[in-house]
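As structure tokens, the structure follows; a few thoughts come after it.
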Amino acid sequence: MAEGAGLIAIAEKVLSRSGFDRLLGAEIDQLSPGRCRLTLSRLDHLTNPAGFLHGAASAGLLDIAMGLAVLAELGFGDLHATTAEMELKFLNPADRSSLPLSAWGEVVRKGSRLLFTRGEVLDREGRVVASSTAIYAPTPGLQGPSQEEG
């Protein structure tokens with residue numbers, strides 16, 4: 001299994017196939033089996049009308065962080081992971097003064113059919129912006145349309 005920078009390179013290739021993941025623009029800081037940490041340095045395209053981080057962006061960051069933790073736990077092989085359930089709590093607003101934001105996810109239990117995770121989005125002061133628990137189901141690696149196909 002790849003480690004360190006090799007694991008991050010594999011994860012970045014996976015994320016590059018998702019338009020939504022590219023739109024969010026988070027960078028992978030740390031990745032190991034069962035753990036992931038992302039950084040978000042820009043908000044201008046992810047705010048609600050009040051200028052705060054949109055709740056959907058928080059959900060997306062958490063889904064990516066927890067999902068990559070799952071994929072790293074599974075070894076980035078022939079399996080993908082589908083979000084089966086996700087619970088979110090929005091605890092503090094985040095705006096440009098909150099940057100950079102970090103999102104972390106970890107696998108807390110790996111069952112025979114499901115993986116259970118938790119994660120948080122934190123502002124630059126370490127305040128929790130959002131927290132989540134989620135359940136992922138390993139699925140055969142489904143290949144979406146390639147970049148060239150649009």
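The values are calculated or read from the model by the stated rules, or taken from the named source; none is laboratory data. What you see is a predicted model; the values in this text were computed from it and never measured. Positions of Cβ are generated from backbone atoms using ideal geometry, with glycine treated the same way; all protein chains shown enter the neighbour counts.
Can we say residue 58 is out of contact with any Ser or Thr (no Cβ under 8 Å at 6 or more places or on another chain), small (Gly, Ala, Ser), over 22 Å from residue 6 (Cα atoms) and buried (at least 20 other Cβ atoms within 10 Å of the Cβ)?
Values: out of contact with any Ser or Thr (no Cβ under 8 Å at 6 or more places or on another chain): yes; small (Gly, Ala, Ser): yes; over 22 Å from residue 6 (Cα atoms): yes; buried (at least 20 other Cβ atoms within 10 Å of the Cβ): yes.
Considered against the rule, which asks whether it is out of contact with any Ser or Thr (no Cβ under 8 Å at 6 or more places or on another chain), small (Gly, Ala, Ser), over 22 Å from residue 6 (Cα atoms) and buried (at least 20 other Cβ atoms within 10 Å of the Cβ), residue 58 comes out as yes.
Checking the condition closer than 20 Å to residue 121 by Cβ, part of a helix (DSSP H, G or I) and free of Cβ contacts under 8 Å to residues at least 40 places away in the same chain, which residue from 23, 61, 71, 15 passes? Explain how you work it out, then say what you get.
Details: 61 fails: free of Cβ contacts under 8 Å to residues at least 40 places away in the same chain; 71 fails: free of Cβ contacts under 8 Å to residues at least 40 places away in the same chain; 15 fails: free of Cβ contacts under 8 Å to residues at least 40 places away in the same chain.
The conditions single out 23.
Cβ-Cβ below 8 Å, separation at least six or inter-chain, first residue in segment 130-141 and touching a residue at least 60 places away in the same chain (Cβ under 8 Å) and aliphatic (A, V, I, L, M), second surrounded by fewer than 20 Cβ atoms within 10 Å (Cβ to Cβ) and not in a strand (DSSP E or B): which pairs?
130/55; 130/59; 130/91
Would you mind stating whether residue 22 is basic (Lys, Arg), at pLDDT below 95 and loosely packed, with under 13 Cβ neighbours inside 10 Å?
On the way: basic (Lys, Arg): yes; at pLDDT below 95: yes; loosely packed, with under 13 Cβ neighbours inside 10 Å: yes.
Spelling it out, residue 22 is indeed basic (Lys, Arg), at pLDDT below 95 and loosely packed, with under 13 Cβ neighbours inside 10 Å.
Considering only segment 30-50, how many residues are over 13 Å from residue 69 (Cβ atoms) and surrounded by 12 or more Cβ atoms within 10 Å (Cβ to Cβ)?
Step one: of segment 30-50, the residues over 13 Å from residue 69 (Cβ atoms) are 39-50.
Then drop every residue that is not surrounded by 12 or more Cβ atoms within 10 Å (Cβ to Cβ), which leaves 39-40, 42-43, 46-48.
Residues that pass the stated criteria total 7.
In the set 38, 31, 43, which member is aliphatic (A, V, I, L, M), more than 12 Å from the chain's Cα centre (by Cα) and over 18 Å from residue 135 (Cβ atoms)? Let's see the steps before the verdict.
Details: 38 fails: more than 12 Å from the chain's Cα centre (by Cα); 31 fails: more than 12 Å from the chain's Cα centre (by Cα).
Unique residue meeting the criteria: 43.
If you go through segment 98-134 one residue at a time, how many are of a type in the set (Gly, Ala, Ser), more than 16 Å from the chain's Cα centre (by Cα) and surrounded by 15 or more Cβ atoms within 10 Å (Cβ to Cβ)? Give the derivation first.
Pass one, segment 98-134, residues of a type in the set (Gly, Ala, Ser): 98, 102-103, 105, 111-112, 119, 126, 130-132, 134.
From what's left, more than 16 Å from the chain's Cα centre (by Cα): 98, 111-112, 126.
Checking the rest, the ones that are also surrounded by 15 or more Cβ atoms within 10 Å (Cβ to Cβ) come to 98.
Residues flagged as of a type in the set (Gly, Ala, Ser), more than 16 Å from the chain's Cα centre (by Cα) and surrounded by 15 or more Cβ atoms within 10 Å (Cβ to Cβ) within segment 98-134 amount to 1.
Condition check: within 21 Å of residue 133 (Cα to Cα), among the acidic types (Asp, Glu) and loosely packed, with under 15 Cβ neighbours inside 10 Å. Does residue 85 satisfy that?
On the way: within 21 Å of residue 133 (Cα to Cα): yes; among the acidic types (Asp, Glu): yes; loosely packed, with under 15 Cβ neighbours inside 10 Å: yes.
Judged against the criteria, residue 85 is a match.
Hey, does segment 78-91 have a residue that's without any contact (Cβ under 8 Å) to a residue 24 or more places away in the chain and not hydroxyl-bearing (Ser, Thr, Tyr)? If you could, list the steps in order and put the result at the bottom.
Pass one, segment 78-91, residues without any contact (Cβ under 8 Å) to a residue 24 or more places away in the chain: none.
Scanning segment 78-91 turns up no residue that is without any contact (Cβ under 8 Å) to a residue 24 or more places away in the chain and not hydroxyl-bearing (Ser, Thr, Tyr).
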